[in-house]
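Below is one structure, written out as structure tokens; comments come after it.
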Ligand SMILES: [Zn+2]
């Protein structure tokens, strides 16, 4: 049977799995895999469910647990399910198990942890980020199993932990402790970002710098501010002063969307528990996505200098510490085999021309690229990751499963 016929059969089979895709999303959404650093239980329940499911399909599933005292199981799961191919070279599809918390629940129109289906839309925390990757890759593998078709390359479905809080116990752990799993001859796909029409194959990312800024002043009764040094007021002024960073680092690179570096104040820790106390300690975080050629030391230095100058005006001290400091890895070559395989598959399934490009940074592909492994980040997104009312489209799950099945047939 020709490769075209084989792909046509897989494609038709996948079209019959739409209810299975919805059902799998439902099971994943209800297993709340928020990491312990975000006050969640971790990925244990979700991983156990998936492991059993995949073993039930007849796949061999390995776990590479990363020790972690913060979860009840004592370790974070990193699963790899294997579908043997004609050749030992692999196609990796690496998705992550963890999700971010629901955020402000009043902004949701439905329970974030219960799947809601509305036409083509599947709502729920994690449906896009990153159940989209999990469901499309698992269903692509299932089509091969159900039809008894052997993929060209060995398919390795990786389901990793801890992506949303730095990947230390996820892919970073795998790359450090189990580096031998991966080879530069493998095709590595990370379905964790993309564009709404599926035409962005992400090959480059910005550097990421997360900073914790701690202001220390003097707590006092709110009726006698002269006795205190109010860190919340200072904090507000520091945040405004840090707008200066955009003018200090103005360079642009059209490979990226957006083309410039970004510097966003994000998390603010709780300070005092009551209204009539002037806070003497405030902590907030800055999320910087920086063009690869800019030195992160220099950014940190400027944050400290700008912040300290303002803090001093309010008589408080400022401490700046990095929480994550991830230098951009060398880009994956636009003509790398994984990029070409995806381009061919997207053309076949969606009838569109996909192009290599860069994004604001922050996928786990950086860990591959730092080790010289050419990884491509690709999926068809609805751009609702981390938002209230996160959703993915069932039609995209189906289309992306077909694209992955096409890649699994790549010689
Ligand atoms: Zn993600």
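Quick note: the coordinates plus some simple rules give every number you see, no bench work behind them. Quick caveat: nothing in here was measured; it's all calculated off a predicted structure. Positions of Cβ are backbone-derived with ideal geometry, glycine not excepted, and every protein chain shown enters the neighbour counts.
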Review point. What single numbered condition from (1) over 17 Å from residue 79 (Cβ atoms); (2) in contact with a strand residue (DSSP E or B) (Cβ under 9 Å, 6 or more places away or on another chain) fails to hold for residue 157?
Key: (1)
**Study point:** Unmet requirement for residue 227, which otherwise passes all of (1) touching a helix residue (DSSP H, G or I) at 6+ places or on another chain (Cβ under 7 Å); (2) over 27 Å from residue 103 (Cα atoms)
**Key:** (1)
Review point. Quick one: how many residues across the stretch 46-63 are in contact (Cβ under 8 Å) with a residue 40 or more places away in the chain and in contact with a strand residue (DSSP E or B) (Cβ under 7 Å, 6 or more places away or on another chain)?
Key: 4
Review point. How many residues does the stretch 194-205 contain that are more than 16 Å from the ligand (Cβ to nearest atom) and under 21 Å from residue 292 (Cα atoms)?
Key: 3
Exercise for review: Answer yes if at least one residue in the stretch 238-257 is surrounded by 12 or more Cβ atoms within 10 Å (Cβ to Cβ) and assigned to a strand (DSSP E or B), and no otherwise.
Suggested key: yes
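Within the stretch 68-84, track down each residue that is part of a strand (DSSP E or B) and in contact with a helix residue (DSSP H, G or I) (Cβ under 9 Å, 6 or more places away or on another chain).
75, 76, 79, 80, 81, 83
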